[in-house]
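J.: I have a structure I would like to understand better, so I am pasting it below and will then ask my questions one at a time.
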Amino acid sequence: MDFTHLDEHGHAIMVDVTQKEVTNRMAAAEGTIRVSRECFLKIQEGTVPKGDVFAAARIAGIMGAKQTAGLIPLCHILNLTSVKIDFGQEEADHLIRAVCTVRCSGKTGVEMEALTGVSIALLTIYDMCKAIDKQMEIGGIRLLHKEGGKSGRYDADISKQTDG
């Protein structure tokens, strides 16, 4: 296996994608945050003192995806064409699931942008709710799906879905 982020001397490099074809790229990543019953109800009711938790987390996740190249040292700067953050709630477990879907037309994939977006969205939920619940647990962050590029399509094994 070649380590493409290392040069012939073992030094870190950004992969040269100059010769790669521009293709439509898409990636989706998910993660969860488990909160207390009280916190879950306040989020549902819209009574968290800091404001609309999902609105703030959605904007933060979009901003996070757009900043990936500034956070992950060897990521390419990409011209993202779409970033979408969706939330689902599992009341029985007081679990919130976030999914970040990112698209671009480019020479390299958007997996890291999707993973960063979902991570920042979940961290924002934590920040918005930490006065209510300091025991929140973030987990299950993973790539769900990707398409485009030389390696083609990937779909996660849904039987290995985690709950945080």
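The values are calculated or read from the model by the stated rules, or taken from the named source; none is laboratory data. On a predicted model such as this, the values are computed, not experimentally measured, just so you know. Backbone-built Cβ (ideal geometry, glycine too); neighbour counts: all protein chains shown. Note: accessible area is taken over every heavy atom of the protein model, side chains too, but ligands, DNA and RNA are not part of it. Shrake-Rupley method; radii C 1.70, N 1.55, O 1.52, S 1.80 Å.
J.: Quickly run through segment 91-144 and pick out the residues that are of a type outside the set (Asp, Glu), touching a Cys at 6+ places or on another chain (Cβ under 6 Å) and open to solvent by less than 60 Å² (accessible area, probe 1.4 Å).
T.: Residues satisfying the conditions are Val110, Ala114, Gly117, Val118, Cys129, Ile132.
J.: Gly88 is checked against (1) in contact (Cβ under 8 Å) with a residue 60 or more places away in the chain; (2) open to solvent by less than 70 Å² (accessible area, probe 1.4 Å); (3) over 30 Å from Val15 (Cα atoms) and fails just one. What number does that condition carry?
T.: Tallying (1) in contact (Cβ under 8 Å) with a residue 60 or more places away in the chain; (2) open to solvent by less than 70 Å² (accessible area, probe 1.4 Å); (3) over 30 Å from Val15 (Cα atoms), Gly88 fails exactly one: (1).
J.: Residues in segment 59-82 that are open to solvent by less than 30 Å² (accessible area, probe 1.4 Å) and outside any helix (DSSP H, G or I): how many?
T.: Qualifying residue count for the region: 1.
J.: Then there's this: Name the pairs whose Cβ atoms lie under 9 Å apart, with the first residue in segment 144-156 and under 10 Å from Met26 (Cβ atoms), the second surrounded by fewer than 10 Cβ atoms within 10 Å (Cβ to Cβ) and not acidic (Asp, Glu), and 6 or more positions between them or separate chains?
T.: Note: pairs meeting the criteria are Lys146/Gly152.
J.: Can you tell me how many residues in segment 89-115 are part of a strand (DSSP E or B) and farther than 30 Å from Glu45 by Cβ?
T.: 5
J.: Then there's this: So Ala56 ticks every box in (1) within 26 Å of Gly106 (Cα to Cα); (2) outside any loop (DSSP other than H, G, I, E, B) but one. Which box is left unticked?
T.: Among (1) within 26 Å of Gly106 (Cα to Cα); (2) outside any loop (DSSP other than H, G, I, E, B), Ala56 violates only (1).
J.: State all residues of segment 1-49 that are surrounded by 13 or more Cβ atoms within 10 Å (Cβ to Cβ), among the charged types (D, E, K, R) and in a loop (DSSP other than H, G, I, E, B); if no residue qualifies, say none.
T.: Lys20
J.: Something else: Confirm whether Gly109 is modelled with pLDDT under 95, of a type outside the set (Asp, Glu) and within 27 Å of Tyr154 (Cα to Cα).
T.: yes
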